[in-house]
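Engineer: Sharing a structure here in structure tokens format.
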Amino acid sequence: MNIARSDFSESVVPFVAPSPLLGDSEAMQVVFRLIERVGPTEASVLLTGESGSGKELAAQSIHDRSARRDGPFLAINCGAIPAGLIEAELFGYEKGSFTGAVRAHAGVFERAQGGTLLLDEVTEMPLDMQTRLLRVLESRKFYRVGASLELSSDVRVIASTNRCPLQAVQNGVLREDLLYRLAVFPIDLPPLRSRGSDVELLAEHFLTELNVQSRTQKRLSAMARMTLKQHNWPGNVRELKNCIERAFILCDQTLELAPLIHNAAARGGDATSDRERLDIRVGSRIYDMERSLIEATLDYFKGNKRRAADALGCSLKTLYNKLNGYSQSQECASS
């Protein structure tokens, strides 16, 4: 689903970064040109890229360049909502339609009327819900849960995922017909490690924001600038921003990053140890491989579920659901 860099790399004049995205690298110039092209249209967009690479900011930038810019921009994390509640959150519900529905509630499709809706982590949506979503996207009609009145949908949908979409289809977690309905215009967000000098540019930007907020004049040390270039930033822009903020809080005048990154790596375990490797026998069931990977990742991060979820590329809610499923299957096996 990637778009070749050569498609848009021939222009001589660099694009100005579409706020709130920042970057001067060639990889981001491609992204900016794609956003400029698709923004004014009504095409559905599928944003792909690693966690923390800026997919929601890209969606906001597309919205800001559309005729819907004065309408609402809403984002919903499909992996953070329990399977039994996602329909109600998407389409709303009527009072008394289920236990606990003490009043009517408008879902995000209704609240985003005239604007843009981002379906984040769309590959985490249950398959039966994907079928209903496809029907709404094609018909632009939907019902609130428990309602008989059909409502119209005037919403531009942008979807995002940190998975490879085609792999998600092959793994049976994403409907192929929904993929091609969402991916009319795919955009792949590059990881921070491939963006060259953007790392320092972003670090300076985050530091400037913190200095303005706190009325200070803190700066990056020469060693910190070297660390910016040497670190791989597996958590991408989100990791960089958090690191700058932690260093800002800890320092009096000059930010140092190496100790923070070293301590984080130490908590994650020895990078050269066998704990980073997982041997899988050819012919193993996908269920068993997935369970082994999740359990090994949790062990690697010493039980820290949030860090394990980030490393696995899924939401914390999805990880909890997986673990609960393993626990239930074990109880059934022992009973």
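Engineer: Using amide H atoms built in the peptide plane, which far-off residues or other-chain residues are under 5 Å from L257 H to H?
Structural biologist: Those lying under 5 Å, H to H, from L257 are A224.
Engineer: Taking H as built 1.01 Å from N, whose amide H comes closer than 5 Å to the amide H of V184, not counting residues under 5 places away?
Structural biologist: Placed amide hydrogens put S44, L46 under 5 Å from V184.
Engineer: Take the alpha carbon gyration tensor of region 40-103, find the square roots of its eigenvalues, order them as a ≥ b ≥ c, and report rounded if a/c is under 1.5; if not, report prolate when a/b exceeds b/c, else oblate. Mind dumping the intermediate values first?
Structural biologist: Working: a/c = 3.27, a/b = 1.74, b/c = 1.88.
Since a/c reaches 1.5 but b/c is at least a/b, the shape of region 40-103 is classed as oblate.
Engineer: Gap in Å between the Cα centre of region 188-207 and the Cα centre of region 14-80?
Structural biologist: Between the Cα centre of region 14-80 and that of region 188-207, the gap is 16 Å.
Engineer: If you don't mind, another one. Explain nothing, just the number: relative contact order of the chain, from Cα pairs under 8 Å at least 6 residues apart, as a whole percent.
Structural biologist: Values: 505 pairs, mean separation 64.4, N = 335.
With pairs under 8 Å counted, the relative contact order is 19 percent.
Engineer: So for the pair L149, R238, with labels modelled 7 Å out along Cα→Cβ, what separation do we get in nm?
Structural biologist: My value for the distance between the label points is 3.8 nm.
Engineer: Right, next: What shape does region 75-131 have by the C-alpha gyration tensor, where a ≥ b ≥ c are the square roots of the eigenvalues, rounded means a/c under 1.5, and otherwise prolate means a/b greater than b/c and oblate the rest? Working shown, then result.
Structural biologist: Numbers: a/c = 2.34, a/b = 1.26, b/c = 1.85.
Oblate, because a/c is 1.5 or more while a/b does not exceed b/c.
Engineer: While we're on this one: Can you send over the solvent-accessible area of K141, 1.4 Å probe, protein chains only, in Å² to the nearest 10?
Structural biologist: 80
Engineer: Extending each Cα 7 Å along its Cβ direction at S221 and S327, get the distance between those two points in nm, one decimal.
Structural biologist: Distance between the two pseudo-spin positions: 4.4 nm.
Engineer: Beyond 34 Å, what percent of the Cα pairs of the chain remain? Intermediate results must be reported in sequence, preceding the final value.
Structural biologist: Working: 19153 of 55945 pairs.
Of all Cα-Cα distances in the chain, 34 percent exceed 34 Å.
Engineer: Through the Karplus equation 6.51 cos²θ - 1.76 cosθ + 1.60, θ set to phi - 60°, convert the phi angles of region 92-107 into ³J(HN,Hα) values in whole Hz; use x for Gly and Pro.
Structural biologist: Per-residue couplings from phi come out as x, 7, 8, 4, x, 6, 7, 4, x, 7, 7, 8, 5, 9, 7, x Hz.
Engineer: If the limit is 26 Å between Cα atoms, which of K229/K322; K55/K241; K55/K317; K55/K305 go over it?
Structural biologist: Details: K229/K322 36 Å; K55/K241 15 Å; K55/K317 19 Å; K55/K305 23 Å.
Pairs exceeding the cut-off: K229/K322.
Engineer: Once you have a ≥ b ≥ c as the square roots of the Cα gyration tensor eigenvalues for region 57-175, tell me rounded if a/c is under 1.5, and otherwise prolate or oblate according to whether a/b is larger than b/c. Don't jump to the answer; show the numbers that get you there.
Structural biologist: Numbers: a/c = 1.84, a/b = 1.15, b/c = 1.59.
Oblate, because a/c is 1.5 or more while a/b does not exceed b/c.
Engineer: Given the protein chains as shown and a 1.4 Å probe, how many square angstrom of T99 are accessible, to the nearest 10?
Structural biologist: 140
Engineer: Now for a separate question. Taking 0.36 nm per residue of separation and subtracting the Cα-Cα distance, what length does fully extending D128 through R140 add? Intermediate values should be presented prior to the final figure.
Structural biologist: Values: separation 12, 0.36 × 12 = 4.32 nm, distance 1.80 nm.
That pair, D128 and R140, stretches by 2.5 nm at full extension.
Engineer: Could you state how much accessible area T48 has, in square angstrom rounded to the nearest 10, with a 1.4 Å probe and all protein chains kept in place?
Structural biologist: 10
Engineer: Under a plain spin-label model, where a point goes 7 Å from the Cα along Cα-to-Cβ, how far apart in nm are D288 and E204?
Structural biologist: Each label point is offset 7 Å from its Cα along the Cβ direction, giving 5.5 nm.
Engineer: Here's something else I'd like to know. Hey, for a label at Q213 modelled as a point 7 Å past Cα toward Cβ, could you say which residues of region 23-61 have their backbone N under 20 Å away?
Structural biologist: 23, 52-58
Engineer: Now, a different point. Which value in deg cm²/dmol, rounded to the nearest 500, describes the helix-derived mean residue ellipticity at 222 nm for the chain, given -39,500 (n - 2.57) per DSSP H run of n ≥ 4 and division by the residue count? Could the numbers behind the result be given before it?
Structural biologist: Values: 14 runs with 153 residues, N = 335.
Calculated mean residue ellipticity at 222 nm is -14000 deg cm²/dmol.
Engineer: Moving to a separate point now. What are the radius of gyration and Dmax of region 193-265, computed over its Cα atoms and given in Å?
Structural biologist: 11.3, 33
The values are calculated or read from the model by the stated rules, or taken from the named source; none is laboratory data. In this text the structure is predicted, and so the values were computed from the model without any measurement. Cβ atoms come from the backbone with ideal geometry, glycine included; neighbour counts cover every protein chain shown. Side chains are part of the model used for accessible areas, which takes the heavy atoms of the whole protein and leaves out ligands, DNA and RNA. Shrake-Rupley method; radii C 1.70, N 1.55, O 1.52, S 1.80 Å.
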